[in-house]
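Written out below as C-alpha cells is the structure these notes cover.
The values are calculated or read from the model by the stated rules, or taken from the named source; none is laboratory data. Since we're looking at a predicted model, the values are computed, not measured. Here the Cβ positions follow ideal geometry from the backbone for every residue, glycine too, while neighbour counts run over all protein chains shown.
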C-alpha cells in the first residue's frame, strides 16, 4: 500500500518482531507451509473429530460461512509460518468447542430451558471505553460476564463451586498469552488473558459468523463481504445457546456482554434477545479509529508480513465506511428499530471522569437496582485496577489530512450525540 498523508492505515508502521518469531518465519520461507500446516476443510474437521472422539457438529448453518472463511484464508491472508500455525490451532479450538457443546446438549437437553433475561450488551466503536466498562460492570456480583477461558473452553459447563479455580483458567492463560509473546506491543493496547472478560464475538465465532474475531486469524476481506450480506440470526441463536450452557451450572443473575458489531445488526439482535439492554459509549471517533488502526495492524502483523492488504477489516479502519455504518444506525434508531428505553448512551469522558456516576445513570435508565454492595464492589475494582497500570498505548494520531478526512466523515455522528473532539 503506497504511503499517503490521508489514510491512517497507510501511516501505520509495524513494530519490531521478537527474534525467535522472525527466525521461525524465515525458516518458513524454505518450506511448503501450505502443505506443512494445512487449512483445508477435510483436514481441520478430521483433526477436531479425532482429538475429541466426537463427530456431531449440530445444525449445518455454520458450514457455508466456515467454507467461505477457509477460502478467504487461503486466497487473501498471506499467513507466514507462525501465523499459519497459530491460525490452524485456533480454528481447531473453535471446532472442538462446537463438538463438545453439541455433545453436552445431546446428553443434557434440559439446558435449552435456561433463560437469558435482560442482558446488558455493550456496543459501539472499538477503543471507546467498552472494555473498561465491561470489566467494571463485571465486578458487580449481580452481573455475570463472559470470561475468556470459558469462551475458549466452554465444556464441560463451568461449575459455580469451582468457577474461580477451574484449571482451564491457567490453560487459557498459557494459550492466550501467545498473542503477547508473538507481538509484545499488544500488551499496551488490549489485555488478553484467560481470567478476564472477553467479547462475545469469541463464541459467535463457534458458528463461524464473527468477522472481527475471525479477522484476527488472518486478513479475510472476502469473508467480510460475504458475512455482511448474511442473515445473522443463526449465529446469534447459537451464541444464545452457548450462554445458556455457560449459566446452566453457574447461574448469572444478569449477563453483561460486549460486542461492538451488534450495533450493526440491531433488528436481528432484538429478535433473538428481545429484552436486551444496550449500552453505547461514545468517544471521539477519529481518535478511536486511529487507535483501532494501531491494534488491528499489530494483530495482522502477528500473522502476516503484509498488514492492511486487500482492505481487510476496513469496516472498522476506513473512516467513510465506519461513519456510514454509524449513520445507518442513527437512521434505524430514529426509525424505532430499537426502543429508546432499551438503549443507553454515555460519553467516554463522563465514563472516565466519574465512572460510578456514569454507571449509576445507566442503571437508572434501565430501572435496574444498584445495591450498596454492588456499588462497593465496583468501587473496589476501580481502586485496585487503575487505568494507567498497563503500558501506555502509543499510536499515530494521524496526519492533518487524515484527521480532516475522518473528521468530515464522522461529522453527523459527533453532532448527533454531542461527542467532543479530543
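For the range 388-411, residues that are modelled with pLDDT of 95 or more and surrounded by 15 or more Cβ atoms within 10 Å (Cβ to Cβ) total 3. Filtering 327, 360 for residues that are assigned to a helix (DSSP H, G or I), out of contact with any strand residue (DSSP E or B) (no Cβ under 9 Å at 6 or more places or on another chain), within 27 Å of residue 213 (Cβ to Cβ) and at pLDDT 95 or above leaves a single hit, 327. Among the numbered conditions (1) more than 29 Å from residue 326 (Cα to Cα); (2) part of a loop (DSSP other than H, G, I, E, B); (3) at pLDDT 95 or above, the only one that residue 98 does not meet is (2). Where in the range 176-265 are there helices (runs of 4 or more DSSP H), lying fully within it, with 1 or more residues that are within 24 Å of residue 25 (Cα to Cα) and either free of Cβ contacts under 8 Å to residues at least 24 places away in the same chain or touching a strand residue (DSSP E or B) at 6+ places or on another chain (Cβ under 9 Å) (or both)? Result: 211-214.
What do you reckon, is residue 28 touching a residue at least 40 places away in the same chain (Cβ under 8 Å), surrounded by 16 or more Cβ atoms within 10 Å (Cβ to Cβ) and over 30 Å from residue 156 (Cβ atoms)? So residue 28 passes the test. Whether a residue is part of a helix (DSSP H, G or I), touching a strand residue (DSSP E or B) at 6+ places or on another chain (Cβ under 9 Å) and either farther than 30 Å from residue 291 by Cα or touching a residue at least 60 places away in the same chain (Cβ under 8 Å) (or both) was assessed, and residue 35 does not pass this test. Count of the range 103-117 residues, restricted to those that are under 23 Å from the mean Cα position of the chain (by Cα) and surrounded by fewer than 18 Cβ atoms within 10 Å (Cβ to Cβ), is 1. Would you confirm whether any residue within the range 128-150 is in a loop (DSSP other than H, G, I, E, B), farther than 25 Å from residue 241 by Cα and touching a residue at least 40 places away in the same chain (Cβ under 8 Å)? Taking every residue of the range 128-150 in turn, at least one turns out to be in a loop (DSSP other than H, G, I, E, B), farther than 25 Å from residue 241 by Cα and touching a residue at least 40 places away in the same chain (Cβ under 8 Å). Mind checking which residues of the range 213-223 are over 24 Å from residue 100 (Cβ atoms) and surrounded by fewer than 24 Cβ atoms within 10 Å (Cβ to Cβ)? Within the range 213-223, 221, 222 qualify.
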